[in-house]
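To start, the structure under review is shown below, and the notes come after it.
Please treat every number below as a calculation from the coordinates, not as lab data. All values derive from a computational prediction rather than experimental measurement. Neighbour counts are summed over all protein chains in view; Cβ atoms, including those assigned to glycine, are modelled from backbone coordinates with ideal geometry.
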C-alpha cells in the first residue's frame, strides 16, 4: 500500500514533496517552492500524516531514497533529498535549472 501510494505520486515533469505539516523543515521547503512560478499541477505537497500508513510510507521512502526523514523532495522521478539539499540547490542556482529541465515552471 505505501509503495503504491508513493510511486503513484512521483511523476516526470512534476515536483512532489512528502511532508508532515508539523515539521519545520517541511514548512521551510514549502516556503522555498511556494515562491516559484510552477505550472498548474506541477507541484504537489503530500501530507503523509493524512494516511494511516505514515511509518510504512517513511519505511518505503528510506528504501527508495536512503532516508526516512521528511521532507523528501522529488524533482521528476529523482529524489534530490530534503530541506538542506533544496536550500543548497536554490542558493547555487541549480534548482531553477532543474525545474526548467523537467518543464515544471511557467
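Given the options 35, 90, 58, which has the most mean-square fluctuation in a GNM of the chain, springs set between C-alpha atoms less than 10 angstrom apart?
Taking springs between Cα atoms under 10 Å, the residue moving most is 35.
For 72, 27, what ranking results if the residue with the fewest other Cβ atoms within 10 Å of its Cβ goes first?
27, 72
Which whole-number percentage describes the relative contact order of region 2-101, with Cα contacts under 8 Å and a sequence gap of 6 or more?
34 percent
Cα gyration tensor of region 38-78, axes a ≥ b ≥ c as square roots of the eigenvalues: rounded (a/c below 1.5), prolate (a/b > b/c) or oblate?
oblate
Pull up the DSSP beta bridges for the chain and report the antiparallel fraction as a percent, rounded to 5.
60 percent
For labels at residue 106 and residue 3 in the simple 7 Å Cα→Cβ model, what's the distance in nm?
It is 4.0 nm.
On a full-extension model of 0.36 nm per residue, what is the gain between residue 90 and residue 35, subtracting their alpha-carbon distance, rounded to one decimal in nm? Kindly include the intermediate steps, with their values, before the conclusion.
Values: separation 55, 0.36 × 55 = 19.80 nm, distance 1.13 nm.
Between residue 90 and residue 35, full extension yields an extra 18.7 nm.
With bins 10 Å wide starting at 0, give me the P(r) of the chain over every alpha carbon pair, in whole percents.
It works out to 16, 52, 29, 3, in whole percents.
Under 20 °C and 1.002 mPa s, how fast does region 1-49 diffuse according to Stokes-Einstein, given a Kirkwood radius computed over C-alpha pairs? Answer in µm²/s, whole number.
The estimated diffusion coefficient comes to 184 µm²/s.
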